[in-house]
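**Q** First the structure, then my questions, so here it is.
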Amino acid sequence: MQANKALVSLVVGLGFLIIGGAIIIAFGLYKKSTDPSFKFFGGAQDVTGPKKAAGPAGTDFIDLPTGAEIAHMETSGNRLILHVRKKDQSQSILIIDMESGALLKRFSIGGGGGGN
């Protein structure tokens, strides 16, 4: 008889958890439908700063020095990696977040480091 009491208590407790979860999900769906910017847990903070203003037709611009050219380009996840060659033959690597357009890192290649 004692085992039945424990089982009934367990089933009732799990029932309350399921009902509570359904209420929380319904509340979140209602809030999201009335306010599309609603985030249930506050959401992640944008650590790369504000998004850049879009250019014509929704395009973003990457400023390169005059006469510089993109020697190679590839993507890795949501990162755009550009190999840039300048007029004076110096080179750099730019890593750009494709969602925000933010420049995450710039590496200069050769010329200024104390190599081996």
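The values are calculated or read from the model by the stated rules, or taken from the named source; none is laboratory data. None of the values given here were measured: they were computed from a predicted structure. Don't worry about glycine lacking a Cβ; one is built from the backbone with ideal geometry, like all the others, and counts go over all protein chains shown.
**Q** Working only within the range 52-87, note down all residues that are of a type in the set (A, V, I, L, M), under 15 Å from ARG106 (Cα atoms) and modelled with pLDDT under 85.
**A** Scanning the range 52-87 gives ILE62, LEU64.
**Q** Filtering the range 73-102 down to residues that are touching a residue at least 24 places away in the same chain (Cβ under 8 Å) and under 14 Å from ASP63 (Cβ atoms), which residue is surrounded by the most Cβ atoms within 10 Å (Cβ to Cβ)?
**A** If we take residues in the range 73-102 being touching a residue at least 24 places away in the same chain (Cβ under 8 Å) and under 14 Å from ASP63 (Cβ atoms), then ILE96 is surrounded by the most Cβ atoms within 10 Å (Cβ to Cβ).
**Q** Could you pull out the residue among SER9, SER37 that is polar (S, T, N, Q) and either at pLDDT 80 or above or not in a loop (DSSP other than H, G, I, E, B) (or both)?
**A** Of SER9, SER37, the one residue that is polar (S, T, N, Q) and either at pLDDT 80 or above or not in a loop (DSSP other than H, G, I, E, B) (or both) is SER9.
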